[in-house]
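Following: one structure in structure tokens, then a few remarks.
What follows is calculated from the coordinates using simple rules that are stated; it is not laboratory data. Only a predicted model underlies this, so the values are computations on that prediction, with no experimental measurement involved. No Cβ is skipped: glycine too gets one built from the backbone with ideal geometry, and neighbour counts run over all protein chains shown.
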Amino acid sequence: MPTVVMRHKVGDFDTWMKGHPDRVEIFSKFGTSFQTFQDTEDPNSIVLVAEVIDLKKMQEVLGDPEVMQKVAIEKHSVLLPVVVSMPVPV
């Protein structure tokens with residue numbers, strides 16, 4: 001089960017935080033849990049760290065325009081790009 005890191009900015013942190021229940025529902029489609037982090041110098045800069053059980057499903061969900069455009073961008077004020085980092089075997 002890989003740990004995936006997602007970084008993005010939001011237009012309004014309070015608006016974005018109200019969307020937490022939506023994120024729980026969305027992330028449950030491909031992961032077991034996620035943590036939320038806020039940059040200490042830029043409150044509108046967010047990092048999500050997710051434990052993913054299905055990478056293909058994650059790509060499908062995050063590539064779905066209904067999820068990204070209607071929920072993330074319009075409803076939660078997510079600003080693109082969303083940068084996704086995968087683990088590197090060392």
Inset, instruction - For residue 66 paired with residue 39, estimate the spin-label separation in nm (one decimal), with each label point 7 Å from Cα along the Cα-to-Cβ line. - result: 3.3
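Taking 0.36 nm per intervening residue step and subtracting the Cα-Cα distance, what contour gain separates residue 51 from residue 25 on full extension?
7.9 nm
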Legend entry - Globularity index of the chain, i.e. its alpha-carbon radius of gyration over 2.2 N^0.38 Å: 1.03
Legend entry - Cα-based Lys proximity count in the chain, under 21 Å, for pairs eight or more positions apart or on separate chains: 11
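What relative contact order, as a whole-number percentage, does the chain give when Cα pairs under 8 Å and 6 or more residues apart are counted? If you can, show how the numbers build up before the last one.
Values: 139 pairs, mean separation 41.8, N = 90.
After rounding, I find 46 percent.
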Inset, instruction - Quick one: which residues, 5 or more positions from residue 31 or on another chain, have an amide H under 5 Å from its amide H? H modelled 1.01 Å from N in the peptide plane, none for Pro or chain starts. - result: 53
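Residue 13 to residue 90: FRET efficiency via 1/(1 + (r/R0)^6), r the Cβ-Cβ distance, R0 22 Å, to the nearest 0.05? Present the calculation step by step, with values, prior to reporting the outcome.
Details: r = 34 Å, r/R0 = 1.54.
That gives a FRET efficiency of 0.05.
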